[in-house]
1. Which of the helices (runs of 4 or more DSSP H) contained wholly in the range 1-104 include at least 2 residues that are more than 23 Å from residue 139 (Cβ to Cβ) and modelled with pLDDT under 85?
2. Which residue out of 136, 87 is within 27 Å of residue 44 (Cα to Cα) and surrounded by 20 or more Cβ atoms within 10 Å (Cβ to Cβ)?
3. Among the strands (runs of 3 or more DSSP E) lying completely within the range 113-176, list those that include at least 3 residues that are out of contact with any helix residue (DSSP H, G or I) (no Cβ under 9 Å at 6 or more places or on another chain) and without any contact (Cβ under 8 Å) to a residue 40 or more places away in the chain.
4. Which residue, of 68, 36, 32, 97, is touching a residue at least 12 places away in the same chain (Cβ under 8 Å), surrounded by 15 or more Cβ atoms within 10 Å (Cβ to Cβ) and out of contact with any strand residue (DSSP E or B) (no Cβ under 7 Å at 6 or more places or on another chain)?
5. Considering only residues that are surrounded by 14 or more Cβ atoms within 10 Å (Cβ to Cβ) and over 15 Å from residue 55 (Cα atoms), which ones fall in the range 144-155?
6. Quick one: residue 110 ticks every box in (1) closer than 26 Å to residue 5 by Cα; (2) at pLDDT 95 or above; (3) buried (at least 20 other Cβ atoms within 10 Å of the Cβ) bar one, so which box is it?
7. Sort out which residues of the range 135-186 are under 18 Å from residue 35 (Cβ atoms) and under 15 Å from the mean Cα position of the chain (by Cα), and write them in order of number.
């Protein structure tokens with residue numbers, strides 16, 4: 001795995017191989033990540049530049065790291081798995097990032113936010129376990145989300161918009177679905 005574009009283009013990320021099903025690690029492939037970020041670069045949902053990222057069920061952190069490479073100003077990575085935490089910390093160190101932090105927590109039990117509000121959320125829960133809506137509820141209740149924040153929810157099927165979120169789009173690539181949601185009212189960027 002590597003960073004596809006931006007300031008850290010070509011930098012290799014910590015190796016996870018084909019993933020770790022026991023730890024629910026199934027990294028978004030370089031190709032799929034590139035496709036997703038091409039959709040974001042088209043500007044239909046706002047801009048990456050200046051965004052504050054919340055990466056829930058972050059795994060390797062590749063999505064949030066790619067966003068930082070492409071102009072996001074800060075990223076908070078949330079994962080409670082030991083394997084994922086090690087990978088995220090290794091990747092932050094590899095890229096020498098000072099604008100990233102790891103929150104070693106269950107994404108469905110977030111504490112109150114003490115930082116900037118997220119304008120871009122990556123949500124990649126273990127497939128089929130109904131954790132995504134719970135994590136979004138925790139993020140909303142904990143004051144993590146800016147009004148109009150864009151949420152990109154990766155699952156194996158399209159997901160319905162939870163209360164407080166508006167469905168914007170849905171895209172399917174093979175066995176992966178991206179559901180695009182907007183939090184609350186108005187644009188975040």
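1. Per the criteria, 30-41.
2. Details: 87 fails: within 27 Å of residue 44 (Cα to Cα).
Result: 136 is the single residue among 136, 87 that is within 27 Å of residue 44 (Cα to Cα) and surrounded by 20 or more Cβ atoms within 10 Å (Cβ to Cβ).
3. Where strands (runs of 3 or more DSSP E) fall fully within the range 113-176 and carry at least 3 residues being out of contact with any helix residue (DSSP H, G or I) (no Cβ under 9 Å at 6 or more places or on another chain) and without any contact (Cβ under 8 Å) to a residue 40 or more places away in the chain, they are 165-173.
4. 97
5. Passing the criteria: only 148.
6. (1)
7. 150, 151, 152, 153, 154, 155, 176, 177, 178, 179, 180, listed by residue number.
The values are calculated or read from the model by the stated rules, or taken from the named source; none is laboratory data. Quantities reported herein were computed from a predicted structural model and do not represent experimental measurements. Positions of Cβ are backbone-derived with ideal geometry, glycine not excepted, and every protein chain shown enters the neighbour counts.
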